[in-house]
Ligand code: DSN
């Protein structure tokens with residue numbers, strides 16, 4: 001018998017293969033990325049940076065990390081990068097530790113309007129350590145209001161202005177944010193965890209020329225392993241008044257490196273860094289740009305099809321991979337929709353909409369994303385069908401038989417869009433995987 005843990009992994013592989021994956025922050029990493037993740041690099045301790053480690057035996061992992069750094073710099077046109085953050089949360093925690101002393105001021109996008117937990121939510125260490133003020137979206141348009149951000153910044157005088165979102169379907173104006181940051185003497189930090197792949201493909205505004213520091217995850221639109229990164233472009237903070245740009249970059253990168261390790265992390269996960277390098281290599285290929293273009297086209301097609309079915313799509317569309325739907329006109333909560341869609345084989349997440357009257361575990365909305373199904377080969381036509389299935393499921397929430405029938409239809413349909421992951425069988429497992 002196989003160890004139940006592998007049975008659960010196989011069950012999850014099948015779930016991923018047989019259902020529609022519409023969680024905006026998820027994707028299907030390539031078999032090469034997964035191979036690097038499951039490699040012997042897992043075994044290696046390598047605290048420090050390439051050429052400056054606290055452990056012996058780092059010759060090969062040094063090469064892996066250098067390659068990851070070089071590919072990442074090339075992908076975003078960055079001057080400096082750190083590829084060691086275990087995830088986006090650690091990248092952000094390190095940047096804030098580098099820039100702020102406890103009690104100092106951070107201005108960021110409000111979680112309840114689509115921001116990130118690690119940008120000063122009272123539930124996160126960033127909200128407990130620093131003095132935080134938030135900006136949000138306008139109640140009439142659900143769009144960011146840069147005049148309001150400027151007013152808040154002038155009044156609050158933050159030391160750090162942070163931008164980036166987990167559920168904002170529109171692009172960001174980094175240039176205007178930089179003007180605001182300069183007006184108040186703040187450091188501008190962009191978190192591009194969600195649109196990173198679309199930015200790497202040059203399809204959205206590029207934060208690197210405008211923001212002092214940029215953080216990201218590597219597993220969403222970038223389609224790599226779970227992980228984080230920190231980058232600086234050609235214009236970075238000047239800590240302690242360093243006189244030359246070279247001196248400034250060296251000093252700031254040293255501050256950021258040491259805020260991450262030993263500031264908040266121990267040994268880097270070298271297997272994850274290798275997998276990041278593989279993913280950056282994939283994202284540098286011309287096919288990745290076509291993929292990213294299709295992600296956006298698909299999101300726009302999904303938004304349009306849902307609006308034609310009388311769904312309230314926030315901002316009436318999208319610039320990126322995210323479609324946010326307000327379900328109040330349908331008399332359904334986000335939680336109810338999430339549960340019913342799951343029964344129909346459609347995975348999404350309930351999501352607060354800005355100014356939501358419902359609490360976060362119920363919500364009035366849902367967030368849909370196109371990165372995963374686009375990896376699977378879906379184009380606009382398939383996404384119009386996805387909108388039909390979503391509508392059929394949401395109009396039959398009290399009808400389990402109908403939900404099961406939709407699930408079966410989706411399972412059949414997906415046989416034409418296979419995932420490249422081999423099933424786990426007893427024969428394919430090492431002896432330790434059997435009990
Ligand atoms: N939890 C992540 C998401 O789903 O968007 C935030 O980055």
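Each reported figure results from applying straightforward, stated rules to the coordinates on display, with no laboratory input. Not measured: the values here are computed from a predicted model. As a convention, Cβ positions derive from the backbone with ideal geometry for all residues, glycine included, and neighbour counts pool all protein chains shown.
Regarding segment 327-380, what whole-number volume in Å³ per residue does the convex hull of its Cα atoms give?
Per-residue hull volume (Cα only) is 99 Å³.
From zero outward in steps of 5 Å, how is the percent of C-alpha pairs of segment 60-210 spread across the bins?
Calculated P(r), rounded to whole percents: 2, 9, 18, 21, 21, 15, 8, 4, 1, 1, 0, 0.
Which value, in nm² and rounded to one decimal, describes the direction-averaged projected area of the C-alpha convex hull of the chain?
Mean orientational projected area (the chain, Cα hull): 21.9 nm².
How are the C-alpha pair distances of segment 307-435 spread across 10 Å bins, as whole percents from the shortest bin up?
11, 37, 30, 14, 7, 1
Order by neighbour count: 174, 8, fewest other Cβ atoms within 10 Å first, most last.
Going from least to most buried by this count: 8, 174.
Label segment 107-161 by shape, choosing from rounded, prolate and oblate, from the square roots a ≥ b ≥ c of the eigenvalues of the Cα gyration tensor; if a/c is under 1.5 it is rounded, and otherwise prolate applies when a/b is larger than b/c, oblate when it is not.
oblate
Between segment 371-432 and segment 199-214, how many Å separate their Cα centres?
So the two Cα centres are separated by 33 Å.
Per DSSP H run of n ≥ 4, the term is -39500 (n - 2.57); total these for the chain, divide by its residue number, and report the mean residue ellipticity at 222 nm rounded to 500 deg cm²/dmol.
The helix-only estimate for the chain comes to -13000 deg cm²/dmol at 222 nm.
Determine the relative contact order of segment 31-99: mean sequence separation of Cα pairs under 8 Å and six or more apart, normalised by residue count, in whole percent.
Averaging sequence separation for qualifying contacts and normalising by length gives 16 percent for segment 31-99.
Cα gyration tensor of segment 195-270, axes a ≥ b ≥ c as square roots of the eigenvalues: rounded (a/c below 1.5), prolate (a/b > b/c) or oblate?
oblate
Return one quarter of the surface area of the convex hull spanned by the alpha-carbon atoms of segment 21-142, equal to its mean projected area, in nm².
Over all viewing directions, segment 21-142 projects a mean Cα-hull area of 11.1 nm².
Jot down the per residue volume, in cubic angstrom and as a whole number, of the convex hull over the alpha-carbon atoms of segment 385-424.
Considering the Cα atoms of segment 385-424, their hull volume per residue is 86 Å³.
Could you tell me what a quarter of the Cα convex hull surface of segment 34-105 works out to, in nm² with one decimal place?
Hull-based average projected area comes out at 6.6 nm².
Could you compute how fast segment 1-45 diffuses translationally, taking Rh as the Kirkwood radius over C-alpha pairs and applying Stokes-Einstein at 25 °C with viscosity 0.890 mPa s? Give it in µm² per second.
D, rounded to a whole number, is 192 µm²/s.
Give me the Kirkwood hydrodynamic radius of segment 156-211, using the inverse of the mean 1/r over all pairs of distinct Cα atoms, in Å to one decimal.
11.7 Å
Test of understanding: what is the full-extension gain from residue 240 to residue 143, defined as 0.36 nm times their sequence separation minus their Cα-Cα distance?
Separation in residues times 0.36 nm, less the Cα-Cα distance, equals 31.3 nm.
Can you figure out the FRET efficiency of residue 125 with residue 399, using R₀ = 30 Å and their beta-carbon distance, to the nearest 0.05?
It comes out at approximately 0.10.
Return a whole-number percent for the relative contact order of the chain, with Cα pairs under 8 Å and 6 or more residues apart as the contact set.
Answer for the chain is 23 percent.
Test of understanding: in a Gaussian network model of the chain with alpha carbons linked when under 10 Å, which of 154, 204, 111 would top the mean-square fluctuation ranking?
Evaluated over the chain, the most mobile residue of the options is 154.
Rounded to the nearest 5, what is the percent of antiparallel bridges among the DSSP beta bridges in the chain?
55 percent
Within a 10 angstrom radius of the beta carbon, how do 121, 39, 166, 290 rank from fewest other beta carbons to most?
So the residues, fewest neighbours to most, are 290, 39, 121, 166.
Can you put 347, 217 in order of Cβ neighbours within 10 angstrom, beginning with the fewest?
347, 217
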